[in-house]
Amino acid sequence: MGDGDGGMAGRGFTVKKSWDNPVEHAMPAETRVPAQMKIGAVPVRPATVLAPMAGVTDTVFRRFIRHSSLFSAAGEPGTSGVDAEITNFQSGCGLLMTEFTSADGLSRMRESKRKRYLTFYEDEHPIAAQIFGSNPETLAEAARIVQDTGFDTVDLNLGCPAKRVVGCNGGSGLLRDLPKIQEIFRTVRAAVTIPFTVKFRLGWNDSQIVCVELARMAEGEGLNAVALHARTREQGYTGQARWEWIAAVKQAVTVPVIGNGDIRTPEDAAAMVAKTGCDAVMIGRAAPSNPWIFRQIAQYTATGSYERATTHDRYRMIRGYFQMLLDETEAEGSGLAGREVAGKMKQFASWFTHGVPGGAKLRAAIYQEKKGAAVLAQVDAFFARQLEGGVSLDEEDAAASVYDGFDPALACGD
């Protein structure tokens, strides 16, 4: 889990189902998202990052995003086709991140059980594991486990606003204790040789903005990059992300700065780079609703324009992801139990069917099924009819939010 996108529920935070009055950005005339950056010795090409999101960024979704992000850029070596071996030269998503994982849990659980939280495949590189906690030694031990498992980087969560995390002085709760953060930085940095990064918020509230000081501290303690979600903990996921603070952090440090908050489109991503000078952009809640966003950003970076997904593209996307979920249950060492597959499909149905004519009917059909194979059959039958033509966008779909029905607790990232 990461630094969650949510509204308030029971004084905690859960998924927020829309942006508050989103700003529409024009495509900057010259500025593009950088083609690459480096976190330590790890190249991130292009400079785009999938945010850590609880209940979302498991290995199936991460690989799905990597595959959905395949693109080709005419005239560039190694990018002549999308059927070649998957590398970051073909993928528009430069860095994948896991759901955030409890350092206490990692240090206590058996190695076999860790697979559920730390499973990844070779085509996910480069990949970062995000951990949270408040005990420096425990976090250091968790970072060693991450390194030994083969992750490219380890990231510390200082952004999650959820009450149950903050109550344990984890996530954004630590923003009120900079000396403790410095001790954590120093202890974890000494424990691992892989790049070490941190994701954080502006501060606890508007009277305690600490992001610039925290970024300088991270650089001073040897961290390799910082990511800022430009909202306070008190703000949660309401209002606008304040990109001016990303610019302030960028001016304050020399390590790479990753900007996060309110990126919904390639135009938004380019505008963030233009306005803040950040080295990379991180995308959270836009990714499940538009898995092509990384490819679109890469296309715009390479060509100055990008393709919109068609209904047929969306069918292939929904079917591809659902089939990956089914396949994962059969994979040796998979952390996904068969009984979870249908629930996962239902969780993602409202994201994936947004904008599909008649999508409300498909969601209703999916929600009635109890087995993953039956859900997949409903998808096939629906799109077989839909692609024949004659299905119109009904009023229910036209009025529906992209986030209707999707509410995993503590989903993180923006």
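In table form, for the structure just shown:
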read-out	value
Output for the range 164-177, where each listed residue is crowded, with 21+ Cβ neighbours inside 10 Å and not β-branched (Val, Ile, Thr)	GLY170, GLY171, SER172, GLY173, LEU174, LEU175
Any chance LYS180 is surrounded by fewer than 19 Cβ atoms within 10 Å (Cβ to Cβ), among the basic types (Lys, Arg) and not in a loop (DSSP other than H, G, I, E, B)	yes
Test: residue in the range 101-112 that is of a type in the set (S, T, N, Q), farther than 26 Å from VAL253 by Cβ and part of a helix (DSSP H, G or I)	yes
The listed residue being at pLDDT 95 or above and not in a strand (DSSP E or B), out of ARG295, ARG314, ARG216, ARG308	ARG216
Breaking point among (1) surrounded by 14 or more Cβ atoms within 10 Å (Cβ to Cβ); (2) at pLDDT 75 or above; (3) assigned to a helix (DSSP H, G or I), for ASP327	(1)
Filtered residues of the range 203-220 (kept if under 14 Å from LEU174 (Cβ atoms) and of a type outside the set (Val, Ile, Thr))	GLY203, TRP204, GLN208, CYS211, GLU213, LEU214, MET217, ALA218
Hits in the range 191-213 (condition: of a type in the set (Gly, Ala, Ser) and either part of a loop (DSSP other than H, G, I, E, B) or crowded, with 20+ Cβ neighbours inside 10 Å (or both))	GLY203, SER207
Candidate set from the range 198-212 (those that are among the aliphatic types (A, V, I, L, M) and in contact (Cβ under 8 Å) with a residue 40 or more places away in the chain); member that is farthest from VAL165 (Cα to Cα)	VAL212
Test: VAL188 is crowded, with 19+ Cβ neighbours inside 10 Å, of a type in the set (Val, Ile, Thr) and under 25 Å from GLY284 (Cα atoms)	no
Odd one out for VAL146 among (1) under 19 Å from VAL49 (Cβ atoms); (2) out of contact with any Leu (no Cβ under 8 Å at 6 or more places or on another chain); (3) assigned to a helix (DSSP H, G or I)	(2)
Some residue of the range 84-92 being within 27 Å of GLN296 (Cβ to Cβ), modelled with pLDDT of 95 or more and in a loop (DSSP other than H, G, I, E, B)	no
Residues of the range 237-266 classified as under 16 Å from ALA280 (Cβ atoms) and either outside the structural domain of ASP155 (by TED's automatic domain parsing) or assigned to a loop (DSSP other than H, G, I, E, B) (or both), total	8
Search result, residues across the range 274-291 that are over 16 Å from the mean Cα position of the chain (by Cα) and surrounded by 24 or more Cβ atoms within 10 Å (Cβ to Cβ)	CYS278
Whichever residue in the range 149-163 is more than 14 Å from VAL188 (Cβ to Cβ) and free of Cβ contacts under 8 Å to residues at least 60 places away in the same chain and, among such residues, is surrounded by the fewest Cβ atoms within 10 Å (Cβ to Cβ)	GLY150
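The values are calculated or read from the model by the stated rules, or taken from the named source; none is laboratory data. Predicted model only: the values in this text are computed from it and were never measured. Because the Cβ atoms are built from the backbone with ideal geometry, glycine has one as well, and the counts that use them run over all protein chains shown.
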